[in-house]
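Here is the structure we will look at, set down as structure tokens.
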Amino acid sequence: MGENFLIRKVRKSDFERIQEIVYNCIDFVKEKKNLKDKLREDYTLKNIEKAWRETEMFVIESKNKIAGTGRLEKTHEIRMIYICPKYQLKGFGKTMIEKLEKLAKRKKFKIVYVKALFSARNFYKKLGYNKVKDKDKSFCKMEKELE
């Protein structure tokens, strides 16, 4: 990644910026309107705070500006990988995933999961994730075995 960056734990003062990034990403992707509406409902400030309290949640910064976010659930699921559109395709998403996978390994997880938007399938595939059969039609459930 060409730019300097820092990954750190989320602070309360980050919630509004995280919500702004999530909403920008939702607007940016090519997904059905009803899915976009559901995602917006999922990422209220109250829900972001709840996730912050219950999971390992991080932001990635570039030049002291939050460029993206990600979290690791106790259920072995990597969630909330959102990178601000202007920082996409610069390695920030990959770097966040790698950070969360290392954390999962330290926690002795043997496998991690993601529920990827269909528009993000190839991103996860390039990182070694494989599709898992799932009944959810809104997302593509994927998994990766950790070494």
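The values are calculated or read from the model by the stated rules, or taken from the named source; none is laboratory data. Only a predicted model underlies this, so the values are computations on that prediction, with no experimental measurement involved. Positions of Cβ are backbone-derived with ideal geometry, glycine not excepted, and every protein chain shown enters the neighbour counts.
What the table shows:
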read-out	value
The stretch 29-62, subset among the polar types (S, T, N, Q) and outside any strand (DSSP E or B), residue nearest to Ser119 (Cα to Cα)	Asn34
Residue among Ala104, Ala51 that alone is buried (at least 18 other Cβ atoms within 10 Å of the Cβ) and in contact with a His (Cβ under 9 Å, 6 or more places away or on another chain)	Ala104
In the stretch 63-86, the residues that are of a type in the set (Asp, Glu) and part of a strand (DSSP E or B)	Glu77
When residues of the stretch 4-28 are limited to those that are aromatic (Phe, Trp, Tyr) and within 16 Å of the chain's Cα centre (by Cα), the one nearest to Phe118 (Cα to Cα)	Phe28
Qualifying residue in the stretch 8-25 (condition: modelled with pLDDT of 90 or more and part of a loop (DSSP other than H, G, I, E, B))	yes
Exclusive hit being surrounded by 15 or more Cβ atoms within 10 Å (Cβ to Cβ), basic (Lys, Arg) and farther than 26 Å from Lys110 by Cα, set Lys65, Lys30, Lys90, Lys46	Lys90
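Residues are listed down the side, and each one gets a yes or a no for (1) within 11 Å of the chain's Cα centre (by Cα); (2) under 24 Å from Asp14 (Cα atoms); (3) among the polar types (S, T, N, Q):
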site: Ala51; (1), (2), (3): no, yes, no
site: Ser62; (1), (2), (3): no, yes, yes
site: Glu77; (1), (2), (3): yes, yes, no
site: Ile83; (1), (2), (3): yes, yes, no
site: Phe92; (1), (2), (3): yes, yes, no
site: Gly128; (1), (2), (3): no, no, no
site: Ser138; (1), (2), (3): no, no, yes
